[in-house]
Amino acid sequence: MTFRALWIISHDKGRNATTRFSRRFSTVEHRAKRMAGSSYVAVPEDSVVLQLLLIELGLSDPDKPYVALRDDCLNRPRPPFLELRVDASGKELLWPVLALLQGPLILACLPLVDVPPEPRPPLATLLSVSQGLTFLAGLQTFLLGSGSKPDGEGLASRLGMLPSVLLQVCPLGTPLDVPLPGPPATPTAPASGGIQKQPAWKTGLHRGRATVSVALLETVRSMQYGNRSRQDLWDVYGRVTCKCEVEGVLPNVTVTLSLPPNGSPLQDILVHPCVTSLDSSVLTASSVENCDSSAFSGPYKFPFSPPIEPFRLCCYTSQVPVPPILGLYQLKEEENQLHVTATLKLHESVKNSFDYCEAHLPFFNRNLMGGVDVKVSSGQLDVSKEKNRLVWTLGQKFPKSRECTLEGRISFTGQTSGPSDPLCANLTAYIKLYFKVPDMTLSGCCVDQHSVQVYSSAKPRIVTTRELQSKEYFIWNSTGSAPVSSAPMMM
Amino acid sequence: MESDLVQRSSLFCSRPSSFLCETSADLFLSELLNELRDDRVSPAVKVLLLTPLIEHPSLLCGCGGEGETSLELMSVFSQCPPKWFQLRSQLLVALTSVLVCSSSRASQDFVELLLGVVQDPGDLSGDQGVYCVRVTAWECLRELESCCPGLLTQHLELLAGLRQRESGRGHQGAVLLFALTLRNAVYHLTQDPHAGAENLRALLGANTSVAWEADQDLRTCSGSDALHSVVRGPMGSVPTLQTGPDCKELRGVVSSLLEESYLLTPLSQAALLHRLTELVAMVTAVSPALFRAQLLRLMGTFEVSLLHSTLLLKAAFTDSLFSAEDELFFLRRLLVLSQHPLLSSAHKLFYIHCVLRFPENRPISFSDDGLPVLLTPQLASVLVPTVFNDGSTLLHRLHLLSLVHLEEGEDSEESQGVAFLYQLLTALLHMVESGATTDLTVTFFRACFLFLLHFLSVERCLANLMQRLAQLYLRHAHLAQHLINLVDRVQDRLPESDWGIGLLTALQEVIVQAPPTQFSSHLKVLSRVAEEEVIPQQKTLHFLFNVVRSASSSACGRDNWRLGNEVLVVCRRLLVHGHLDRLLVPLGDILHHMTCHYGDTDIRDHARLYHALLTTLSRDKLAGVLTEGGTHVKKQTLCCLMAESEGLTRALTVHQVEGPVLRLTAATPPPQESEDQSEGEVAADVLTALQTYRAQFSDPSFSSSFPLTFRLLHVATPTPGFDRLYSVRLHFRLTDRHYESLSDVSVPCLFRERPPPTLTLTLKPRHALPTTLYVSALFSTEDGLTWLRPLPDLHITFRQTLLPVPVPPALRLQVWEGLWEEFEGGGGMVSLFCCQLEEACLQALIQEHFLPFLVSEVSQQEVKVLHFLSPRSHVLLKLHPQEDAVHFHIATDTAQLLPYVNAYLRTITSRGHTPSSQDHAHSSQDHAHS
């Protein structure tokens, strides 16, 4: 439940790697030494750790095609759970090292092994490993914000705050909490008096008008092959984010998710730790077993006592009968030209009102485009010759028929070769759809304003929103071989 | 100055070893403590200056300084105003670090201090600063109890009371400490065969003193067993406490802690849950059903550590808490989590580990890869790897799926699952063929290895894979090393398989038919092929001949040399091939052709040597010459490049000795020549004496060096073959810039049975400061080989740099007087060191340490001492016995020496002359002039 050391390293694809921050927890190291006895391996100095981490993460010597230590095919611990070979003979192993790679940063920590070290215990028996994951993920959000690209100055100032942040959340190697994103606040002394104790995760109290905002965001992914021999795939998952500005030390709020009468049950529900109680029926439906149509299908009640900052109340997956947009993509090679046809059809159950809807048609492993003669039945087409990509902007609406087509010819007569992707050899190609539909969900799931209950004196303002967005929505060329993305049902 | 020390602190933290080569730990520590005491230094800077003490307390206060350091820190803490709460918190953390790592006796005071902070009732109303410090104090207490289980047992009742009073983070700290202390106390009881319900009740009740006498000192902490978690999955045995059925008190405490757990942050909740799991596991009378109320909440969470602690709960209690239905539900839950689209890939991979090691109620095996029985291929199918996964995810999933399908047993040839995994492999291969990144290529070869490791019996796939890899190589010869590595690993891990041989044969086949390019890669592969006796080498020879013939006709210098070398590497392998007799003629032809026609002279020479060896030596002798000393192959670097005969080069190579052979110890210097008394005329006055003294330094070489004597001897445990050494040459390397570089020292011979020789090392200081020298020895053994071995580092101590002043004895007092006046008048630094010494002790001290440096009579009231430090530094002492203490007045012209003087005086006055309890009576003051 404790770490021996912590490192933050910045690098540029393996180059110019530097240790930006490190912390050794000497008292934990003292324990590690006593517990491991003769199998104790000391933590090397930062520069050594840096090199070893780069090797194990496959980042060292980015210019060399093969480095024996880095590229050995042997079955070894893989990121994020690493083992560092401290000496040349490979006998002294520093294990388990957790390392998260995010953009230009490597965040790593060395959890304490609090069970006898020989024989090596499974990772799943060490509570400090999962604590390390949580802590590093929190640290990552603290340093980089929710995006993955930090600006240099922002990162530097965050790193500067780190010593005082650590003094609060992990002064002696045992993480008490994750670093909170946003400006570091010194914990305010809890309000005294009253029967209720203030929770440790609540950094302050809200005063003023009560407001509860609940946002439901559903995401749909799809792989469509346009091929009878292969089943199209799609899935939907949703997350409910809340921001509760409610007075009181431990206010009670209940949010209820409900489905339309014929909706299929929400599956794989995961909830925030602030949810106080759960009905067992909420958790029964799961995507890893056959769906039972008689299963519980709501309403899903989540009673909780909110933290002060916005948080993800719960998430779920859902099985919907059809994908929102059905596509067909066909390419034919015709004497130095590529004949392209594509059809997109919006399902009737989906509201024909988008925030945006775009189809991207990239072409890889070819020379740059020469002549492009492509027509679309609706929307507009942008040709990005330097990227070998067509961008078909469908805008806010599909036409009345809910169907639109693209057809034409492209010749790749440029002198230089365009972008490459090993996945897309020959006629393997795809259309990727990007869209967002406000005020709807595919599963039909919604949060009714009136179902949000707040047990407090003042009547709160309640705001609920929902929207649907796409992610990894692929339509593969049906005349080429498309990569398999999921197993057929194996009995 | 401040920022400089801050910078040096961070330098120290990142590279402590090289930092301490240049500065002594004592010196650095005293600098840090000085700054911490200094009121002018801002609290923010002081916070940073505490970092070295927090991160490396044992390096800084390793040799007995921790008691004093902790007292210093405690006094800084007591003087620190409450508004500087960050500094106060950091001080508590630093104190904890120093005390834990040194197990000092001051710990009891510190525990009292911490208990005082957490009990302070004045601040419950909400002073933020005080609250922060209190939260830190809770955490420090928890760390002390973790490092020294049982330390706080006697305060359990107090802690229970404070837990009720606290709120927010303070409450969290109190709960964690209380649970840990209780856990440790119960663990202690389990170790006592006579302990029972009585003791447990006493522990939780008011009267803890009857429970037992707890260890209350960090020094007497019990062994490391108590530190280990007692929950180790189904195989570990848990120490238990037999209490009979009645355990109401403990049950009450555990359930109240569980109810409050909701108030803790998820990370702390997980830790608390784990502590309580341990506690209930040790007391069998408490039913684990206590946890039931929490289970649904815990299994529904997306917080990884909470779910993990639930998994550990399952490991500890199996079917006494989880029914078969619960168990299946839990496993499904883990499978959901291990591929949930909203979790990060690191979290998902962790859940895969959890699935692999799922602690079942009725496990069938405990082997390393014992999959849970409940994990059917159908359930596992949600984790099927695809090309869209990142490398690590793909390999983790492939590993799990391979294990699942391996369970299917004999019919794996027909298994759809295996077919699917193979399909994945070919999809990856396809991507590598289309020019994948290094990352993907490496992933592909790792996936191949994993597949081979599990499905060696699925011959149809394996034969196909072999052919496809050979075809892949044909298009991407730069993958040669990946392929060789794959073959090596397969042969290593699966020695019974001939798949590796098959792949090499297939590679040989494609290479000889390949168009004549990429020779370098091809030759690398062929040299690996040549290691296999079962593979016929005729095709290789044919290929080599073509290469040599085309290379001989072209004329490009450097590449030609390289190519020739690569060909020779293959030839060399063939020379030791098991079926050399069949290769004799064609190999001879190739070597002969190279000897006569190759463009590069160097290559021609080597080819000639090989040709000569091949044609003149019998096969056995040839193998003998070329494989002799095979174990040393890796030690030769440059020679390997030339594919030389190792037997010939071995004698020319410097070898590394594995273990220690020699060491240096300090020796008493040979008696110095009696000093010339004749010049000892009494000088007229102080000024003249000083002038006479100073005039000597116009010669730059005057007193610019000093000798140190050492003995060179064998280490106690003999290494066979190293008892008689010849031509020993010692090389000294500096670790800092305080000294001029040293010349080597030679010893003609060194025999274990003879007395060790005495060596004199002449040190020429730039600044007379203590230092460390790296020493290495180069020597020959009786068999004529040359060896290199580093010796233990040589430390030049401050004492060793002290010399008598280079002036006739009669002038010394005047010189002393003159210098003293000068330094005191602003030309140097003065300082005072006090300590309690009895008269007899003082006399002994003077006799032992100051006799060569005395300038006054010992009997006098004041004793004057003059140290000279080459090249031009002085340390003057005036010993002045007072009623209660001896005052050591110090004057010097070199400020950097003061900390060393202090440390030196502290050492010699505390060693044998003073009882150690008077340590704290030391005090020192520095006054800087200038």
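Can you tell me how much longer the chain between B:Glu822 and B:Thr386 gets when fully stretched, taken as 0.36 nm per residue apart minus their C-alpha distance, in nm with one decimal?
Numbers: separation 436, 0.36 × 436 = 156.96 nm, distance 8.30 nm.
Length difference between fully extended and current span is 148.7 nm.
Around B:Thr505, with a cut-off of 11 angstrom between Cβ atoms, what is the net charge of the other residues, counting Lys and Arg +1 and Asp and Glu -1?
Numbers: positive: B:Lys539; negative: B:Asp498, B:Glu509, B:Glu532.
Value of the local net charge: -2.
Evaluate the distance, in nm, between pseudo-label points positioned 7 Å from the Cα of B:Val534 and of B:Leu296 along their respective Cα→Cβ axes.
6.2
Is the shape of the range B:312-366 best called rounded, prolate or oblate, per the rule: a/c under 1.5 gives rounded, else a/b larger than b/c gives prolate, else oblate, with a ≥ b ≥ c the square roots of the Cα gyration tensor eigenvalues? Before the final figure, lay out each step's value.
On the way: a/c = 2.51, a/b = 1.89, b/c = 1.33.
The shape class here is prolate.
Lys and Arg at +1, Asp and Glu at -1: add these up for the other residues within a Cβ distance under 10 Å of A:Met223 and post the number.
Net charge in that neighbourhood comes out at -1.
Highest mean first, how do B:711-720, A:279-288 rank when packing is the count of other Cβ atoms within 10 Å averaged over residues? Provide the component values of the computation, followed by the final result.
On the way: B:711-720: 13.3, A:279-288: 18.1.
Put in order of decreasing packing, that is A:279-288, B:711-720.
Among all the lysines, which ones have a C-alpha under 29 Å from B:Lys764's C-alpha, if same-chain residues fewer than 8 places away are not counted?
The reachable lysines, counting only those whose Cα sits under 29 Å from B:Lys764, are B:Lys864, B:Lys878.
For chain B, what are the DSSP H helices with axial Cα length of 27 Å or more and mean Kyte-Doolittle hydropathy of at least -0.5? Present the calculation step by step, with values, prior to reporting the outcome.
On the way: long enough: B:128-147 (29 Å, 0.12); B:168-190 (33 Å, 0.40).
In chain B, the long hydrophobic H runs are B:128-147, B:168-190.
Take each of the peptides A:59-72, A:89-102, average the number of other beta-carbon atoms within 10 Å over its residues, and list them starting from the highest.
Details: A:59-72: 15.2, A:89-102: 18.0.
In decreasing order of mean packing, A:59-72, A:89-102 become A:89-102, A:59-72.
Between B:Arg711 and B:Gln7, take the C-beta separation as r, use R0 = 30 Å, and let me know the FRET efficiency to the nearest 0.05. Working shown, then result.
Values: r = 41 Å, r/R0 = 1.37.
That gives a FRET efficiency of 0.15.
Give, as a single signed number, the net charge of other residues whose beta carbon lies under 12 Å from the beta carbon of B:Val373, with Lys and Arg counted +1 and Asp and Glu -1.
On the way: positive: B:Arg362; negative: B:Glu327, B:Glu360, B:Glu407.
Once positives and negatives cancel, what remains is -2.
Could you tell me which residue out of A:Leu406, A:Ser349, A:Cys424 lies farthest along the dipole of the range A:325-438 toward its positive end? Charges go on the beta carbon: Lys and Arg +1, Asp and Glu -1, centred on the Cα centre.
Of A:Leu406, A:Ser349, A:Cys424, it is A:Ser349.
Below 17 Å, Cα to Cα, which lysines can A:Lys432 reach? Residues fewer than 8 away in the same chain don't count.
Within reach: A:Lys345, A:Lys387, A:Lys471.
Over the range A:325-438, calculate the relative contact order: mean separation of alpha carbon pairs under 8 Å at least 6 apart, over the residue count, as a percent. Don't skip to the end; give the middle numbers.
On the way: 267 pairs, mean separation 43.2, N = 114.
It comes to 38 percent, rounded to a whole number.
For the pairs A:Lys332/A:Lys375; A:Lys301/A:Lys351; A:Lys33/A:Lys91; A:Lys33/B:Lys314, note any where the Cα-Cα span goes beyond 19 Å. Working shown, then result.
Details: A:Lys332/A:Lys375 16 Å; A:Lys301/A:Lys351 27 Å; A:Lys33/A:Lys91 17 Å; A:Lys33/B:Lys314 29 Å.
Correct reply: A:Lys301/A:Lys351; A:Lys33/B:Lys314.
Expressed as a rounded percentage, what relative contact order does the range B:753-857 have, with Cα pairs under 8 Å and six or more residues apart? Intermediate results must be reported in sequence, preceding the final value.
Numbers: 61 pairs, mean separation 21.0, N = 105.
This gives 20 percent for the range B:753-857.
Starting from the Cα-Cα distance between B:Leu734 and B:Arg468, subtract it from 0.36 nm times their residue separation and give me the gain in nm to one decimal. If you can, show how the numbers build up before the last one.
Details: separation 266, 0.36 × 266 = 95.76 nm, distance 5.75 nm.
Answer, rounded to one decimal: 90.0 nm.
Using a 10 Å cut-off on Cβ to Cβ distances, tally the other chain neighbours for every residue of B:82-93 and report the average as a whole number.
Values: counts 0, 0, 0, 2, 5, 0, 0, 4, 4, 0, 3, 6.
Partner-chain Cβ atoms within 10 Å, mean over residues of B:82-93: 2.
What shape does the protein assembly as shown have by the C-alpha gyration tensor, where a ≥ b ≥ c are the square roots of the eigenvalues, rounded means a/c under 1.5, and otherwise prolate means a/b greater than b/c and oblate the rest?
Verdict is oblate for the protein assembly as shown.
Rounded if a/c is under 1.5, else prolate if a/b is larger than b/c, else oblate: which is the range A:3-173, with a ≥ b ≥ c the root eigenvalues of its Cα gyration tensor? Numbers along the way, then the final one.
Numbers: a/c = 1.83, a/b = 1.12, b/c = 1.63.
In terms of gyration-tensor shape, oblate.
Could you grab the relative contact order for chain A? Cα pairs under 8 Å, six or more apart, rounded to a whole percent. Walk me through the numbers on the way to the answer.
Numbers: 1017 pairs, mean separation 68.0, N = 491.
Relative contact order here is 14 percent.
Which whole number gives the average, over all residues in A:75-83, of C-beta atoms from other chains lying within 10 Å of the residue C-beta? Each step should come with its number before you reach the end.
Values: counts 8, 2, 1, 10, 9, 7, 6, 0, 0.
Mean partner shielding for this stretch: 5.
If each residue's Cβ is checked for other Cβ atoms within 10 Å, how do B:Leu189, B:Leu311 rank with the fewest at the top? Write down the numbers at each step before the final one.
Numbers: B:Leu189 22, B:Leu311 25.
Fewest-to-most Cβ neighbours within 10 Å comes out as B:Leu189, B:Leu311.
Treating cross-link reach as a plain straight distance, find the lysines whose alpha-carbon is under 28 Å from the alpha-carbon of B:Lys539, omitting any fewer than eight places away in the same chain.
B:Lys524, B:Lys621
Mind checking the mean number of beta-carbon atoms from other chains within 10 Å of the Cβ atoms in B:292-299? Numbers along the way, then the final one.
Numbers: counts 0, 1, 0, 2, 6, 6, 2, 4.
Per residue, the number of nearby Cβ atoms from other chains is 3 on average.
Going by amide H atoms built from the backbone, whose H comes under 5 Å of the H on A:Val463, apart from near neighbours?
The answer is A:Val212, A:Ser213, A:Val214.
What's the FRET efficiency of B:Asp699 with B:Ser287 using the Cβ-Cβ distance as r and R₀ = 56 Å, to the nearest 0.05? Don't jump to the answer; show the numbers that get you there.
Working: r = 91 Å, r/R0 = 1.62.
For R0 = 56 Å, the calculated efficiency reads 0.05.
Rule-based calculations on the coordinates, nothing more; no lab input. Everything numeric here is computed off the predicted structure, so don't read it as measured data. FYI the Cβ positions are ideal-geometry reconstructions off the backbone, even for glycines, and counts take in every protein chain you see.
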